[in-house]
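> There's a structure below that I have some questions on.
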Amino acid sequence: MDDEVVVQRGALAELAARLPDRARLLVTDGNVEPLLPPALAALPRYVLPPGEEHKSWDQLGAALAALDAAGLDRDGELLAVGGGVVTDLAGLAAALHRRGIAWRAAPTTLVGQVDAALGGKTAVNLAGGKNAVGCFHRPSAVVIDPALLATLPERHLRNGMAEALKTALIAGEELLAALAALGPEDFAAARPPAVEVIRRCVATKLALVAQDPLDRGPRRRLNLGHTFGHAFESLAMPRLLHGEAIGLGLLCAARLAARQPGASGGLETRLRALLSGWGLPVSWEVDPDAVLAAMRRDKKRRAGRGVFVLPLAPGRIEIVEGLTESAVAAALRALSEPASTS
């Protein structure tokens, strides 16, 4: 069943006011807890420490213990209110408790609203890799309140714009141009063009999820920038935020794509200008050997070969297996050269 998704200002308060009488546990983090509407603050809850480094096996165990202590049976519900760390971990806890209970997501970050809370991928990290343990367990509803973005630091707004950029590249030129016209301040103020970009990112992702719920075909396009990005993130956590890592991954993917038949010219240059204009990093001193080693642990590998999602042009995405490590290393080395273009 498709996720029921609501995108509107005030949606979180409306959700809190209309919760049906049902046993539930709220999962949130320490940044979001003080912002909860009173009706949600009154619920039993488990509070994660903020940060990607806490999307861990230990925190998953603690959340499961909280579900058990709250006495939720298979008719109970988990409500996840927070960013991608919260929704990823809480969704996995909901999948495991009593072999699966219902859950709802209320993403409070731009990364969560345009991507992480949608489609039912749940996971925690292990030392060996990002999102190394997880399953598909789709929420019964996703409640997106763009007004919550006003509570985010600007760095986290920029972080989410990189994830939106990935989706816009998949969707095509129209969404890419709409996003390119915006800045972090537009999302912070929940201005109508920014809310419309969120809605279109949601629609783009859910259309791919509907075609390919288990991520074995066209949904894999949503991994654009992530083979590189997850490796960067695992090596630089917590200094590098998820979207910052994905932005760098998009540059590497565009550089590799430029060498594929049928690629349009200048995409890496265009992406670099957008990311830089939003205040996101476009260069990073990398150790190619360390990044390649992290990529060898990537969960998307097949038959021992890396899987790369490459943007030939806006709206034209190609999935490529078996690229040589020398080609990948060359794209990585280019990140150390701020003026490098293709």
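> Please give, to one decimal in nm, the separation of the simple spin-label points placed at Ala273 and Arg155, each 7 Å out from Cα toward the Cβ.
2.8
> Right, here's the next one. Kirkwood Rh, segment 258-310, all Cα pairs: how many Å?
Kirkwood radius, segment 258-310: 13.8 Å.
> Further, regarding this structure: If the elastic network links every pair of Cα atoms under 10 Å, which of Gly247, Gly306, Gly265 fluctuates the most in the Gaussian network model of the chain?
Checking each option, the largest mean-square fluctuation is seen for Gly265.
> About the Cα centre of segment 147-264, what is the dipole size in debye to 20, counting +1 per Lys and Arg Cβ and -1 per Asp and Glu Cβ, all else neutral?
Charge dipole of segment 147-264: 320 debye, to the nearest 20.
> Could you compute Rg(Cα) / (2.2 N^0.38 Å) for segment 172-213, with N its residue count?
Computed over Cα atoms of segment 172-213, the ratio equals 1.28.
> Restricting to segment 45-142, compute how many DSSP beta bridges are antiparallel as a %, nearest 5.
The antiparallel fraction comes to roughly 40 percent.
> Tell me, what does the Kirkwood hydrodynamic radius of the chain come to in angstroms if you use every pair of distinct C-alpha atoms?
20.1 Å is the Kirkwood radius here.
> Can you tell me the accessible area per residue over segment 124-189, all protein chains present, probe 1.4 angstrom, in square angstrom?
33
> For the chain, what does -39500 (n - 2.57) per DSSP helix run (n ≥ 4), summed and divided by total residues, give at 222 nm, in deg cm²/dmol to the nearest 500?
-13000 deg cm²/dmol, from helical runs alone.
> For segment 221-292, what is the charge dipole size about the Cα centre, in debye to the nearest 20, if Lys and Arg each add +1 at the Cβ and Asp and Glu each add -1 at the Cβ?
340
> Return the percentage of antiparallel bridges among DSSP beta bridges fully within the chain, rounded to the nearest 5 %.
40
> Along each of the three principal axes of the Cα atoms of segment 1-146, give the extent in whole Å, ordering the values from largest to smallest.
Principal-axis extents of segment 1-146 (Cα, largest first): 41, 33, 32 Å.
> Can you pull a Stokes-Einstein diffusion coefficient for segment 229-268 at 4 °C (1.567 mPa s), Rh from Kirkwood over Cα pairs, as a whole number of µm²/s?
120
> In segment 1-144, what percent of the accessible surface is made up of carbon and sulfur (1.4 Å probe, ligands and nucleic acids excluded)?
52
> Lys and Arg at +1, Asp and Glu at -1: add these up for the other residues within a Cβ distance under 10 Å of His230 and post the number.
Summing Lys and Arg as +1 and Asp and Glu as -1 gives +2.
> Here is a follow-up. At a temperature of 37 °C and a viscosity of 0.692 mPa s, determine how fast segment 1-75 diffuses translationally according to Stokes-Einstein, using the Kirkwood radius over alpha-carbon pairs as Rh; express D in µm²/s, rounded to the nearest whole number.
Stokes-Einstein gives a translational diffusion coefficient of 233 µm²/s.
> Something else about it: Under 1.5 on a/c is rounded, so check that first for segment 68-160, then, if it is not, pick prolate when a/b is larger than b/c and oblate when it is not; a ≥ b ≥ c are the square roots of the alpha carbon gyration tensor eigenvalues.
Here segment 68-160 falls in the oblate category.
> Then there's this: Rounded to the nearest Å, what's the spacing between the alpha carbon centres of segment 202-223 and segment 87-128? Just the number, please.
For segment 202-223 versus segment 87-128, the Cα centre distance is 16 Å.
> While we're looking at this one, here's another question. Under 1.5 on a/c is rounded, so check that first for segment 186-286, then, if it is not, pick prolate when a/b is larger than b/c and oblate when it is not; a ≥ b ≥ c are the square roots of the alpha carbon gyration tensor eigenvalues.
Verdict is rounded for segment 186-286.
The values are calculated or read from the model by the stated rules, or taken from the named source; none is laboratory data. Predicted, not measured: the structure shown is a model, and the values here were computed from it. All Cβ positions, glycine included, derive from the backbone under ideal geometry; neighbour counts span all protein chains shown. Each accessible area value is taken on the protein alone, full model and side chains, heavy atoms only, with ligands, DNA and RNA left out. Shrake-Rupley method; radii C 1.70, N 1.55, O 1.52, S 1.80 Å.
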